[in-house]
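**Student:** This is the structure I want to talk about, given as structure tokens.
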Amino acid sequence: MRIAIVCYPTYGGSGVVATELGHALSILGHEIHFITYKQPVRLDTLNKNIHFHEVFVSEYDLFHYQPYELALSSRIVDVVKSFNIEVLHVHYAIPHAYAAYMAKMMLKDDKINLPIVTTLHGTDITLVGSHPFYKTAVTFSINNSDYVTAVSKSLKEDTERLFNIKNSIEIIPNFIDVNKNAHLERPCHRESIADEKEKVITHISNFRPLKRASDVIKIFEIIQKKIPSKLLMVGDGPEKSKIERYVQKNDLTNKVIFLGESNEINDVLCYSDLFLLPSERESFGLVALEAMIHSVPVISSYAGGISEVNINNVSGYLSDVGDIEGMAKNAIKILSNNDESKRLKEGAFNQAKLFDISRIIPMYIKVYEKAINKTI
Ligand code: GMT
């Protein structure tokens, strides 16, 4: 198939999923065309089936806001015509599903049918999308996609609750490439981060308020009073400087390491003993899955779709959002008991394997085929 994929190219689960999906499809022989404003960060391995088309938005002083959707829909039309694209897969509803619909209409004028598959990822629905400023356009875009998928049962339910949806929504969970990520034959440079006796606890996020990074620090504060440990904070975002100030003020600077945005999360997870994800909202929690494939147990909240990924007492423990004491208690339970830690490490790895890419890719291929064969 000739498939065009529109996604956000920056760090973030939806971009990672779109990129890994395109890459896996290209290996299977499909022709993949990424259309976005920058080469996706995880698109590090190119091959003859992968093409990248940049979307340019020229700056005009006249415009207070530059019209990205306009540039994107024009670029989609050009790529579809030039490369005979059979199906367009857009990740994240805003503004991608909307631009896709505009492209579809423009192509209709040329008697070209462009099937659209829209994948909903989370805050495009639960936070931004349902805001009154955007809701009408998001509802319209979802209802006018040929197929709609959501990354978890929880996100499907949220979408149906928040919008007046006429389309059926298929759940296609996020995935991980087990062969690529597990058992990486490389030395884990744990000694560069922590002493032999110290445990390594990790949090990776974009430090948006909904990630509750301040809970991470408070959970860690409790843990490190009982267990010698280091906390690795990976990523960047709006709350990071606030957290850094807290760390300085509370004398934690020699125990908390900020690593910034990183493409080397496999290296970090390879020597982590525990992963913290206390988010307020999370449609899936791809990062938890990434930790689990490295046999790292996850302490998380019950928010959204996390409980479809992290199973209580199997791959880690879950608590209510904001239950800092409960999360710290569970973390200490794992870190202070080797048998418990071993059991949950195995549980995390086995649970992650259920989301292997080989199980999920066929689901997307089926959706593309249905979209292409759908009679208009
Ligand atoms: O979590 C974020 O802030 C980034 C966001 C994104 O759009 O990349 O992540 C969303 O999509 C991921 C991939 O499907 C999910 O794993 C995340 O749970 C979801 N984030 C939220 O729902 C907050």
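Every number here is computed from the coordinates shown, using simple stated rules; none is lab data. Since the model is a prediction, treat every value here as computed from it, not as a measurement. Reconstructed Cβ throughout: ideal geometry from the backbone, glycine too, with neighbour counts over all protein chains shown.
**Student:** Quick check: the angle from helix 357-373's long axis to the longest principal axis of the chain, C-alpha only, nearest 10 degrees?
**Tutor:** Helix 357-373 and the main axis of the chain meet at about 20 degrees.
**Student:** So if we plug the beta-carbon distance of E244 and L28 into 1/(1 + (r/R0)^6) with R0 = 35 Å, what FRET efficiency do we get, rounded to 0.05? Present the calculation step by step, with values, prior to reporting the outcome.
**Tutor:** Values: r = 44 Å, r/R0 = 1.25.
The formula returns an efficiency of 0.20 here.
**Student:** Let me ask you something else. Got a sec to turn the phi values of the stretch 20-30 into Karplus ³J(HN,Hα) couplings, 6.51 cos²θ - 1.76 cosθ + 1.60 with θ = phi - 60°, whole Hz, x for Gly and Pro?
**Tutor:** Per-residue couplings from phi come out as 5, 5, x, 5, 4, 5, 5, 5, 6, x, 7 Hz.
**Student:** Next question, about the same structure. Sequence gap at least 6, Cα distance under 8 Å: using those rules, report the relative contact order of the chain to the nearest whole percent.
**Tutor:** Details: 715 pairs, mean separation 51.6, N = 376.
Relative CO of the chain lands at 14 percent.
**Student:** Continuing with this model, one more query. Taking every DSSP beta bridge that has both residues in the chain, what percent is antiparallel when rounded to the nearest 5?
**Tutor:** Values: 0 of 46 bridges.
Roughly 0 percent of the DSSP beta bridges within the chain come out antiparallel.
**Student:** Once amide H atoms are built 1.01 Å from N in the peptide plane, which residues 5 or more positions from T149, or in another chain, come under 5 Å H to H?
**Tutor:** Residues meeting the criterion, in which the H sits 1.01 Å from N, are T118, T119, L120, E170.
**Student:** Enter the Cα centre distance for the pair the stretch 1-60 and the stretch 345-376, rounded to the nearest angstrom.
**Tutor:** Result: 18 Å between the Cα centres.
**Student:** Quote the relative contact order of the stretch 179-353 in percent (integer), defining contacts as alpha-carbon pairs under 8 Å separated by 6+ residues.
**Tutor:** The normalised contact order for the stretch 179-353 reaches 23 percent.
**Student:** Between rounded, prolate and oblate, where does the stretch 36-116 land on the alpha carbon gyration tensor, with a ≥ b ≥ c its root eigenvalues, rounded for a/c under 1.5, else prolate if a/b exceeds b/c?
**Tutor:** Numbers: a/c = 1.78, a/b = 1.07, b/c = 1.66.
Oblate, since a/c reaches 1.5 and b/c is not below a/b.
**Student:** Arranged by the count of other C-beta atoms within 10 angstrom, fewest first, what order do F83, F284 take? Walk me through the numbers on the way to the answer.
**Tutor:** On the way: F83 14, F284 25.
With the fewest neighbours first, F83, F284 line up as F83, F284.
**Student:** Looking at the chain, identify the longest residue range that excludes and avoids all GluC sites (Glu not before Pro) in DSSP loops having at most 13 other Cβ atoms within 10 Å. If you can, show how the numbers build up before the last one.
**Tutor:** Working: sites that count: E59, E185, E196, E264.
That would be 60-184.
**Student:** From the backbone phi of the stretch 135-143, what are the Karplus-calculated ³J(HN,Hα) couplings (6.51 cos²θ - 1.76 cosθ + 1.60, θ = phi - 60°) in whole Hz, Gly and Pro given as x?
**Tutor:** Whole-Hz 3J(HN,Hα) from phi for the stretch 135-143: 3, 4, 5, 5, 4, 4, 5, 5, 5.
**Student:** Using R₀ = 25 Å, calculate the FRET efficiency as 1/(1 + (r/R₀)^6) where r is the Cβ-Cβ separation of E261 and V57; round to 0.05. Don't skip to the answer; put the middle values down first.
**Tutor:** On the way: r = 23 Å, r/R0 = 0.92.
Efficiency, from the Cβ-Cβ distance: 0.65.
**Student:** If eta is 0.890 mPa s and T is 25 °C, what Stokes-Einstein diffusion coefficient results for the chain, Kirkwood Rh from Cα pairs, in µm²/s? Write down the numbers at each step before the final one.
**Tutor:** Numbers: Rh = 21.6 Å.
Answer from the Stokes-Einstein relation: 114 µm²/s.
**Student:** Longest segment of the chain with no trypsin sites (Lys or Arg not before Pro) in a DSSP loop having at most 14 other Cβ atoms within 10 Å? Before the final figure, lay out each step's value.
**Tutor:** Values: sites that count: K38, K48, K111, K166, K197, K374.
Result, exposed sites excluded: 198-373.
**Student:** Please work out whether the stretch 179-353 counts as rounded, prolate or oblate from its C-alpha gyration tensor, where a ≥ b ≥ c are the square roots of the eigenvalues and a/c under 1.5 means rounded, while otherwise a/b larger than b/c means prolate and anything else oblate?
**Tutor:** rounded
**Student:** Which pairs, out of K197/K240; K108/K156; K199/K342, put more than 25 Å between their alpha-carbon atoms? Numbers along the way, then the final one.
**Tutor:** Details: K197/K240 28 Å; K108/K156 30 Å; K199/K342 14 Å.
Beyond 25 Å: K197/K240; K108/K156.
**Student:** Amide H of H51 versus every other amide H placed in the peptide plane: which residues, excluding those fewer than 5 positions away on the same chain, fall under 5 Å?
**Tutor:** Under 5 Å from the amide H of H51: I32, H33, F34.
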